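To keep things clear, I will list the structure first and then write my remarks on it.
The values are calculated or read from the model by the stated rules, or taken from the named source; none is laboratory data. None of these values were measured; they are calculated from a predicted model. Don't worry about glycine lacking a Cβ; one is built from the backbone with ideal geometry, like all the others, and counts go over all protein chains shown. These accessible areas exclude ligands, DNA and RNA; they are computed on the full protein's heavy atoms, side chains included. Shrake-Rupley method; radii C 1.70, N 1.55, O 1.52, S 1.80 Å.
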Amino acid sequence: MEPDALRRHARLLLPIVVFGVLALVPQISVGTHGVFSSPLDSPGTLQLLGLMLCFGGIALSYDLLFGYTGLLSFGHALYVAVGVYLTAVATAKWGWGLAPTLLLTAVVGLVLPLILGAVSLRVSGIAFAMVTLAFAEAGSTLAQKNPRGWTGSEEGVSVNYDHLPSWMVGVFNTKYLYWIALGYLVAVFLIVNWAVDSSPGRVWQAIRENEQRVQVLGMRPFTHKLSAFVLASFLATGGGVVYVLLITRADPSVTTPSFTLALLLMVVIGGAGTRWGPVLGAALYTFLDHRLPDWSNSGFINDLPDALSKPLSQPLFVLGVLFILLVYFLPGGLVGLARLGPRRGGLETLEQAVEIGGTHGDVVEEEEVEARL
Amino acid sequence: MDTFILLTVTGLALGALYFLIASGLSLIYGLMGVLNFAHGAFLTVGSYAAWWSSVKLQGTIGSIGLRFAVSVVIGLAVGAGVAALVELVLIRPLYLRHIEQVLVTVGLSFALVALVQAYWGPDLHTIDVPSWLNGTTGLGGAHVPNYNFVEILVAAGVLAGLLAFLRFTRYGLIIRAGVENRAMVTALGIDVKKAFTLVFAIGGVAAALAGVLAGIHFSEIDPTQGTSLLIFAFIVVVIGGLGSIVGSAVAAVVVGLVQQYVNYKSTGIGDLSVVLLLAITLLIRPGGLFGKWSPTH
Amino acid sequence: MTSALLDVQDLHVYLGQSHVLQGVSFSVPEGGVTAVLGRNGVGKTTTMRALMGLVQPRGRATLGDADLTKLPTHEIVRLGVGYVPEDREVFSQLTVEENLRLAVRNGSARYDLVYELFPELRERGGQRAGTLSGGQQQMVAIARALLNENRLLLVDEPTKGLAPLLVAEVAEVLGKASETETILLVEQNLGVVARLARDAIVLDQGRVVYSGPAKDLLADQQRVRTLLGVA
């Protein structure tokens, strides 16, 4: 079989195989030799795996904005927070069941980014990034302000399972939550892949490459950017719902800029603008974030001299350094190593997208290659 | 009336902190086109260096005033050194690749803060300061903590110093020209990259200064302080106009005052108002109050 | 036979997808003015920018011993290359005096010469350059290049958009300068070219299509029309 056909078959098969294997995980009872803290099918491990999958989906939604459309947002966390808080507050403070909660979350998850996106996209580049940051900051403040005692300020609010289906409740049902997370990831994966290959999706990528040209060709960048924004935010809100179901409680940490920046790290570490990059990056990030502190208390990290073991036990240090190294040596992210899936873009083309200044979709033409070092 | 005075002074002091951080950010962005997310980390590193020196010097230098002064100087030196090193080693090799530069600063912000946390823990510490800083002075019936006045004076001093530097020195001239048109500066035979390191170092000093003062203002230093202040500093820079020192100063005053006044009426709404201010500014005048429309490089 | 001061060999420049310079080769003899001509968009400005290192060229461009294609911009300038860019690019936030001062490369700046050529600039020293007229800004742009002794002066369309009186003034200044400096001049105004240039190079679609005495080129109406559009 020639390479092209082989590649096409691989593209189709790989997700099926990967997701199929992942679906079977809760049925596999095997020890993990310290990779996880307990056997593969134990609730603890399943919860962590579920989180990895959930963030895989959220990272994909962020990549839709950043890697494909070239929109650098510092406020993506807001939409995740919407999913997180609405679910928690609706069940805990309003006594709602699953269906009405999901319905409300879906509606807000569509309307809010529509409004905020319409405002934010009036500017582009750095200004756009700042506006998104500001809106997220507003959300963070709102959550901390605890309006009517709903959001619980610093401690947040726990999901109330009284009106939720019983199979969602309880430690032993973690595998169902794992499957929900997997289902979410599969849904996002399919939607994002379908979207970027569709004709609006091609316009998104064209916008990332050269917005001016898109405008000259008579397509309106604004509506396309807005649709990408709304879709990405909606998917993120879905991720928020899954997230809060997994960790059972909503708290303000999900509203901070650090949360959005973590998504950025995940996407870039994995590989921006690729099919699997964000998933890989999210999985690695989440995994290290949870396991590294445990590893540092035992095992080889502990045996290192203090000067080394202390920083290495900090997940954010390891991830931050990894991130920097990747930006330098492997801008294509980890998928650049294995060349999984076609590369649709990457950091080089993003240079043209995130401009300085500009309004109404105008783009200040990037200057030509300048002075060498 | 006395509440109003207290709020005004503390609002100005808060603005002073923001300005100290914002000034460096603004210069760095104006000249180099780099959104330096690691700036908050410079703040943290500076404040921790000052605190740690203060602890280590206990016993060797008797007078708390002198010990404090020396610690501050060390903190500033560390801030400048770390910033300059970051520019030389990490930023400069990515010349003209703005996205990657920003990404590196993001990664650095995570790594540096985690590093501080690794060695000194996540808990807060307090810097040993001369007691008069925490004392109060009567002003129109209000009892205003003295550190507020110090912050305002320091920020005013830094503002004057920066403006003088920009106006009267050769590097200041290079920086002013470079903010406008970096390529043309090189076309005059000037190695503008030296100015980059300088600007980073200046930013590092100002950030470290802000870190020390914040440590006094909030009575504690902790690893995440830099990050939380950085957000407001960014807002100040954008409202004031990227690349404009005067813009940052004006915006800092406005933001500090608005935040204080409104937060007093209703906690948290002050922060929201600042965000609203940013949104409005960007929609009316995307370049900021004093900013260039788009700095050509 | 005058030796070549600048020798350009097979210069290629890509801007984005477009192959703007497709093997430009020419040499600039020492002394006098060599004009660079061609229709809009053929790559004249790109050639200048490539020599200045403001865009990334492939090929060779030797100035004496040095290969300009291997040097960063500021080092090229330090070799004694002055530059008057197409859009003047004076620093609008700086005063006239500051614009000049910034350009001083080493101790010996020829303020006397510059103020003699442009007395108006001395008067307007404290004025913000952004408030000057187009013609005055052009003066500043030329003045700051002439402030230093240059081995080679690159001038890109200095008369563009200027009134005829100012065009004559600029031509006169450049004429005086060419007595001591070698000038590579991009110009669309054939009158100025006729007055100043000894040699001419014509570019077309990223390549050199004529290289020889300016007089001969300008005398050939047919050629002028084909290569330069409307004469």
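Structure summary
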| read-out | value |
| --- | --- |
| Volume per residue that the Cα convex hull of segment C:127-176 spans, once the total is divided by residue count, Å³ | 84 Å³ |
| Stokes-Einstein D in µm²/s, Kirkwood radius over Cα pairs - segment A:1-138 at 37 °C with 0.692 mPa s viscosity | 178 µm²/s |
| Sites B:L163 and A:L13, calculated FRET efficiency, Cβ-Cβ separation with R0 60 Å, nearest 0.05 | 0.40 |
| Computed over segment C:68-186, Cα set: Rg, Dmax in Å | 13.4, 41 |
| Structure-based [θ]222 nm, chain B - -39500 (n - 2.57) summed over DSSP H runs of at least 4, per residue, nearest 500 | -25000 deg cm²/dmol |
| Cβ-Cβ FRET estimate between C:Y115 and B:V70, R0 fixed at 51 Å, reported to 0.05 | 0.50 |
| Reciprocal of mean inverse Cα separation for segment C:153-231 (Kirkwood radius, Å) | 13.2 Å |
| Gained length - A:S153 relative to A:S199, 0.36 nm times residue gap less alpha-carbon distance | 12.2 nm |
| Segment C:14-166: relative contact order as a whole-number percent, Cα under 8 Å and 6+ apart | 25 percent |
| Tail fraction, Cα-Cα pairs, segment B:174-274, threshold 25 Å, whole percent | 33 percent |
| Cα gyration tensor, segment B:152-218 - rounded (a/c under 1.5), prolate or oblate | prolate |
| Cα gyration tensor of chain C - equivalent ellipsoid semi-axes, whole Å, descending | 27, 21, 17 |
| Virtual spin-label span in nm between A:S38 and C:A66, 7 Å along Cα→Cβ | 7.0 nm |
| Segment A:1-63 versus segment C:169-230: alpha-carbon centroid distance in Å | 68 Å |
| Equivalent ellipsoid semi-axes - Cα gyration tensor, segment B:20-140, angstrom | 32, 17, 13 |
| Diffusion constant of chain B at 10 °C, which comes from Stokes-Einstein with the Kirkwood Cα-pair radius and 1.306 mPa s, µm²/s | 82 µm²/s |
| Helix-only CD estimate at 222 nm, as mean residue ellipticity for chain C, using -39500 (n - 2.57) per DSSP H run (n ≥ 4) | -9500 deg cm²/dmol |
| For segment B:23-114: relative contact order, % (alpha-carbon pairs under 8 angstrom, 6 or more apart) | 40 percent |
| Chain B, relative contact order [Cα under 8 Å, separation at least 6], % | 35 percent |
| Alpha-carbon spread of the protein assembly as shown, three principal axes, descending order, Å | 96, 83, 52 |
| Shape metrics for segment B:86-145, restricted to C-alpha atoms - Rg then Dmax, Å | 20.3, 56 |
| Protein-only accessible surface order, largest first, of C:D156, B:D191 at 1.4 Å | B:D191, C:D156 |
| Solvent-accessible area of B:T224 with every protein chain in place, 1.4 Å probe, in Å² to the nearest 10 | 80 Å² |
| Normalised per residue, the volume of the convex hull around the Cα set of chain A (Å³) | 168 Å³ |
| Nitroxide proxy distance, nm - points 7 Å out along Cα→Cβ at C:Q93 and B:Q58 | 4.6 nm |
| Average other protein chain Cβ within 10 Å of Cβ, residues B:229-237 | 3 |
| Inter-label distance for B:N146 and A:S253, nm, one decimal - labels placed 7 Å from Cα along Cα-to-Cβ | 4.0 nm |
| R0 of 51 Å, Cβ-Cβ distance C:Q9-C:Q127: FRET efficiency to nearest 0.05 | 0.70 |
| Kirkwood-Stokes translational diffusion coefficient of segment C:1-130, alpha-carbon pairs, 25 °C, 0.890 mPa s, µm²/s | 147 µm²/s |
| Calculated [θ] (222 nm, deg cm²/dmol) that DSSP helices of n ≥ 4 give over chain A, each run adding -39,500 (n - 2.57) | -21500 deg cm²/dmol |
